[in-house]
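**Student:** Quick one: the structure is below, and I'll ask about it shortly.
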Amino acid sequence: MFDINNILRANIKNLKPYSSARDEFQGEASVYLDANENAFGSPLDTNYNRYPDPLQYAVKKRLMEIKGVPVRNIFLGNGSDEAIDILFRSFCNPGVDNVILVPPTYGMYEVSANINDIEIRKVNLTEEYQLNLEGIAEAIDKNTKLIFICSPNNPTGNSINRPDIETLLANFSGLVVVDEAYINFSRQKTFIQELTEYANLVVLQTLSKAWGLAGLRVGMAFASEEIIEVMNRVKPPYNINEASQQLALQALQNIEQVNGWIKDTLTERDQLVLQLKEFDFVLDIYPSDANFILVKMTDAKGIYMFLVQHGIIVRDRSKVELCEGALRITVGTPQENTILINTLKTLNEQS
Ligand SMILES: Cc1ncc(COP(=O)(O)O)c(C=O)c1O
């Protein structure tokens, strides 16, 4: 079954990571002359002249309290996009190994695979946007190192059936990466609890969505200690800057506010669905477990352009296989959603 040594790249297995000044001395001292920083300070109100904690202990400790996952099982990345890239760099040999992707899904898996010269084997989701387990089993060979499953899935919005993900986890000898960027909006429970059950599970989450911190770039990977240890060795030494660490820590105290926004977002989403269904040009709205909805329309491109002309930007997914004719609409504030609906009403009046 799963053995990390079977999938780890030889150069990574033997990698001696960069040892930073902050790695070599970790206590408290009165005079720091070890890192060639500017000892006078920063030309700002707040000083950022010192390098940040390379392993972001304070943020991880708070995440441990919130998620119930030990610090040693948490990796922090410059967005979860960095965690995705590091998984490729740690476990996939360029020009040799392959990854299974299940489109339509989040675009960065493909971009990261291409950057790292990793063959992509696509096994489309079914018409119901669920996994084609037979197709995946056929696509796997001895060089398949990673499978990315996004749940709730971007851009379709639905959650992937849990037993299907469990089947993959139990039978695949590479890593199953479950991207839960939108989990806070979902009725499904997180896979984090399964970390003790499956050694080949990596769960990705982010502070960019429900937590409202996309600009800080803080993403999380939860996995076994041995996987996290590899990711920490491969990452750049100071991948989360000091300002982001401090602000993330502060934000992580405000769970109540975030929970309130999640509730409001779900109420707004339901309302938006009801209002959109009234339009003749809306053909179908797919059930969503996320903070966006995929809406099939008679003329997606035309409606996209109409909205742009009125200063409203949604995501045109109409050229994406299995999302033909669909726009992806993020749930906004009540005011933003009202502007969207009122603008679409003027389109209805024109047509
Ligand atoms: C499914 C999914 N995963 C990951 C990300 C990237 O998140 P981050 O901002 O943490 O890099 C996104 C962003 O849209 C996403 O939709």
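The values are calculated or read from the model by the stated rules, or taken from the named source; none is laboratory data. What you are looking at is a predicted structure, and each value in this text was computed from that prediction instead of being measured. Here the Cβ is made from the backbone with ideal geometry for all residues, glycine too, and neighbour counts use every protein chain on show. Only protein heavy atoms, including side chains, enter the accessible area calculation; ligands, DNA and RNA are left aside. Shrake-Rupley method; radii C 1.70, N 1.55, O 1.52, S 1.80 Å.
**Student:** Using only Cα atoms, tell me the angle between helix 300-309 and the longest principal axis of the chain; keep it within 0 to 90° and round to the nearest 10.
**Tutor:** 80
**Student:** Greater than 20 Å separation of Cα atoms is the criterion. Which listed pairs, 209/319; 263/296; 67/209; 263/345; 301/345, meet it?
**Tutor:** Checking Cα-Cα distances, 209/319; 263/296; 263/345 exceed 20 Å.
**Student:** How big is the accessible area of residue 267 in square angstrom, nearest 10, if you roll a 1.4 angstrom probe over the protein chains?
**Tutor:** My reading of the accessible area for residue 267 is about 90 Å².
**Student:** Using alpha carbons only, how many angstrom separate the centre of region 332-347 from the centre of region 153-214?
**Tutor:** If you average the Cα positions of each part, the centres end up 32 Å apart.
**Student:** Run through all the Cα pairs of the chain and give the fraction in each 20 Å bin from 0, expressed as whole percent.
**Tutor:** Going out from 0 Å in 20 Å bins, the chain shows 28, 53, 19, 1 percent.
**Student:** Once you charge only the Cβ atoms, +1 for Lys and Arg and -1 for Asp and Glu, what is the size of the charge dipole of the chain about its Cα centre, to the nearest 20 debye?
**Tutor:** Working: 32 positive and 45 negative charges, 64 e Å.
Charge dipole of the chain: 300 debye, to the nearest 20.
**Student:** Kindly identify region 204-249 as rounded, prolate or oblate by the Cα gyration tensor criterion: order the square roots of the eigenvalues as a ≥ b ≥ c, call it rounded if a/c is under 1.5, otherwise compare a/b with b/c, prolate if a/b is larger, else oblate.
**Tutor:** Taking the square roots of the gyration eigenvalues as a ≥ b ≥ c, region 204-249 is oblate.
**Student:** Please give me, ordered by residue number, the trypsin sites (Lys or Arg not before Pro) of region 265-346 that lie in loop per DSSP and have at most 11 other Cβ atoms within 10 Å.
**Tutor:** 319
**Student:** In what sequence, largest accessible area first, do 1, 305 appear using a 1.4 Å probe?
**Tutor:** Sorted descending by solvent-accessible area, the residues read 1, 305.
**Student:** Between the DSSP loop rule and a limit of at most 14 other Cβ atoms within 10 Å, which GluC sites (Glu not before Pro) in region 217-319 are left?
**Tutor:** Numbers: sites: 225, 226, 229, 242, 256, 268, 278; in loops: 278.
Filter output for region 217-319: 278.
**Student:** Where does the chain land at 222 nm, in deg cm²/dmol rounded to the nearest 500, when only DSSP H runs of n ≥ 4 count, each adding -39500 (n - 2.57), divided by all residues?
**Tutor:** Numbers: 13 runs with 130 residues, N = 351.
Taking each H run of at least 4 residues, the total per residue is -11000 deg cm²/dmol.
**Student:** Which lysines does residue 235 reach when only Cα atoms under 18 Å apart count, and residues fewer than 8 places away in its own chain are ignored?
**Tutor:** Straight-distance partners of residue 235: 13, 16, 60.
**Student:** Take the Cα atoms of region 131-253, find their three principal axes, and give me the spread along each one in whole Å, biggest first.
**Tutor:** The principal-axis extents, from largest down, are 46, 33, 24 Å.
**Student:** Between region 37-64 and region 10-30, what's the alpha-carbon centroid distance in Å?
**Tutor:** Using only Cα atoms to place each centre, the spacing works out to 17 Å.
**Student:** Run through region 72-161 and list the trypsin sites (Lys or Arg not before Pro) located in a DSSP loop whose Cβ has at most 15 other Cβ atoms within 10 Å. Walk me through the intermediate numbers first.
**Tutor:** On the way: sites: 72, 89, 121, 122, 142, 145; in loops: 142.
Passing both the DSSP loop test and the Cβ count: 142.
**Student:** Next question, about the same structure. Going by alpha carbons, how many degrees (0 to 90, nearest 10) lie between the helix axis of 255-277 and the longest principal axis of the chain?
**Tutor:** 30
**Student:** Angle, helix 57-67 long axis vs. longest principal axis of the chain, Cα atoms, 0 to 90°, nearest 10?
**Tutor:** Roughly 50 degrees between the two axes.
**Student:** Using every Cα-Cα pair within region 176-216, state what percent have a distance larger than 14 Å.
**Tutor:** 50
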